[in-house]
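The structure appears right after this line, and notes come after that.
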């Protein structure tokens with residue numbers, strides 16, 4: 001066990017947030033803390049980190065265990081660049097590296113014992129450097145930054161120029177690079193695109209420390225965690241398994257508690273009816289029996305009525321009329337901002353009843369496409385054609401279709417003037433706006449509240465073609481599930497942009513992937529899309545291997561031809577040398593015979609000439625012998 005929360009309780013004034021929350025986490029274990037907005041998830045993380053004090057209970061952290069924390073909101077005022085900020089995590093290694101380099105220079109001028117002592121120190125420092133991954137830290141920084149969506153040309157950007165989301169990504173990178181024994185993450189996927197989320201999933205799954213995650217990204221939780229701590233109505237319940245197991249088990253537990261409560265209520269009513277009847281008999285024995293039953297009933301431990309989730313909105317999406325089979329045709333659509341080409345030649349054909357998810361990395365132009373369809377942004381070229389009887393309902397992630405100066409009540413009343421005040425109040429109550437809440441101004445609402453107002457307007461539109469831009473942003477898990485259920489039962493057509501992969505998996509019948517300015521369509525949900533991506537990757541790798549093998553084969557063939565040519569040349573050279581040796585040996589034999597002739601024995605000049613020829617032939621022959629030996633070897 002590396003960390004334990006023991007009976008943690010916390011209240012703000014008379015509002016109780018946490019009551020006797022207990023759980024623990026083992027080394028290398030990954031767990032999630034889930035619950036509706038306001039359940040106390042972030043508060044619990046702050047208590048673990050010592051940023052807030054618990055009213056009761058304690059947090060126990062193992063000896064020498066290090067803890068790292070990524071909060072939802074980062075207060076960053078950094079003067080460094082992105083790369084320098086991560087590099088600062090490894091400052092001790094950088095300092096050690098500089099000391100090693102300095103010692104190398106110093107040792108050039110040392111002798112004797114001083115040199116031996118320096119060598120011993122140098123060995124120890126190098127050992128420490130290797131143990132702390134000194135040779136790998138630069139590649140680790142690059143890998144983490146790229147994994148979190150930063151390109152190399154952004155590494156030297158000053159952090160002061162970054163958006164809040166980018167600063168959060170830098171902070172996440174710092175945390176991952178520091179590799180604490182326990183990582184606490186509060187909504188880590190909020191500012192990541194799909195590729196970066198997939199990278200973070202892989203990183204955390206293989207992380208050799210413990211991880212505690214607060215997140216509304218259910219697909220993310222499904223892939224990483226093996227235990228869920230649910231915070232609900234101030235209490236904590238631990239479920240062993242991933243998010244999907246928890247969601248299923250939670251409903252089973254709630255249903256079981258509800259049945260037990262209803263059965264007990266039925267038994268109580270039955271006993272009360274029997275007691276009343278016995279008393280009506282007005283006999284000594286019947287009264288004693290009634291009193292006996294009353295005592296038993298008084299001793300009965302009453303079950304509390306299971307509380308339904310108190311902020312469960314009610315959403316029903318129903319088209320007013322059915323559209324034609326052809327709902328939307330986009331052909332040859334292009335859009336640029338200055339020199340930045342977002343996309344060109346886009347073709348999308350959507351039919352009645354399809355639920356289409358448009359996905360892609362941040363900045364690829366997904367939201368721009370939705371705005372072009374809704375005539376909020378002009379296109380550069382291409383055409384957009386709607387089918388017959390198409391009635392659009394648009395949900396904007398920035399909620400620009402809401403008027404900031406209006407109240408919630410007026411926002412609905414002005415959009416639907418024929419609706420009675422009572423009807424408006426009933427609709428708003430279904431979306432958790434009751435009493436004086438309906439008179440709040442839009443500008444004063446939170447992101448989640450604005451989302452609920454937009455969903456209320458969407459429901460009232462009775463549209464048969466819904467265009468949704470990040471509809472799950474700012475919604476808690478319960479509200480997401482309600483929206484999912486409404487969309488799955490919706491008989492109209494849907495086109496939406498979302499980063500919520502669990503949501504996409506539950507609601508999409510087709511995936512359109514916008515990548516590098518072009519699109520690819522996949523008939524199926526998100527799991528199917530991932531399968532096809534893996535197949536494509538495998539095929540690309542196989543093709544790459546084939547090309548590599550073909551290249552290697554060509555190289556082998558070329559090498560073989562070169563070797564064959566070299567061998568032919570060697571044999572030719574050997575033959576030439578052997579012929580030369582044969583000629584020289586014949587020449588020497590001829591010279592020997594000529595020197596031995598009687599008529600030359602007395603001719604000194606002739607003998608000198610023949611001897612010189614003989615000496616020259618012997619020298620040439622010696623050289624040829626050496627060359628022959630080399631070529632023969």
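Compute the FRET efficiency between residue 154 and residue 123 as 1/(1 + (r/R0)^6), taking r as their Cβ-Cβ distance and R0 = 56 Å, and round to the nearest 0.05. The pair residue 154/residue 123 has a calculated efficiency of 0.90.
Return the calculated 222 nm mean residue ellipticity for the chain, to the nearest 500 deg cm²/dmol, obtained by summing -39500 (n - 2.57) across DSSP H runs with n ≥ 4 and dividing by the residue count. When only DSSP H runs of four or more count, the value is -16500 deg cm²/dmol. Give the distance, in whole Å, between the Cα centre of region 280-302 and the Cα centre of region 422-480. That distance is 52 Å. Approximating the spin labels as points 7 Å out from Cα along Cα→Cβ, the residue 594-to-residue 237 distance works out to 11.8 nm. Based on the Stokes-Einstein relation at 10 °C and a viscosity of 1.306 mPa s, and on the Kirkwood radius from alpha carbon pairs, region 326-524 is assigned a translational diffusion coefficient of 90 µm²/s. Ordering of 172-180, 51-59 by packing is 172-180, 51-59, highest average first (other Cβ atoms within 10 Å, averaged per residue). For the chain, the longest principal axis of the C-alpha atoms and the axis of helix 243-281 are separated by about 20°.
Normalising by residue count, the chain has a Cα convex hull of 343 Å³ per residue. Using the average count of surrounding beta-carbon atoms within 10 Å as a protection proxy, the listed peptides 182-191, 589-598 rank, highest first, as 182-191, 589-598. Please give the helix 421-430 orientation as an angle from the longest Cα principal axis of the chain, in degrees from 0 to 90, rounded to the nearest 10. Value to nearest ten degrees: 50. Averaging Cα coordinates gives a centre for region 243-265 and one for region 156-197; these two points are 38 Å apart. The value of relative contact order for region 189-291, using C-alpha pairs under 8 Å at least six residues apart, is 14 percent. In the chain, the longest principal axis of the Cα atoms and the axis of helix 447-461 are about 70 degrees apart. Between residue 56 and residue 260, full extension at 0.36 nm per residue minus the direct alpha carbon distance yields a gain of 70.3 nm. So how far, in whole Å, is the C-alpha centre of region 8-26 from the one of region 327-391? Comparing the Cα centres of region 8-26 and region 327-391, I get a distance of 48 Å.
We did not get these values from a lab; they are worked out from the coordinates using the rules stated. Keep in mind it's a predicted model, so treat the numbers as computed, not measured. So basically every Cβ, Gly included, is an ideal-geometry build from the backbone, and we count neighbours across all protein chains shown.
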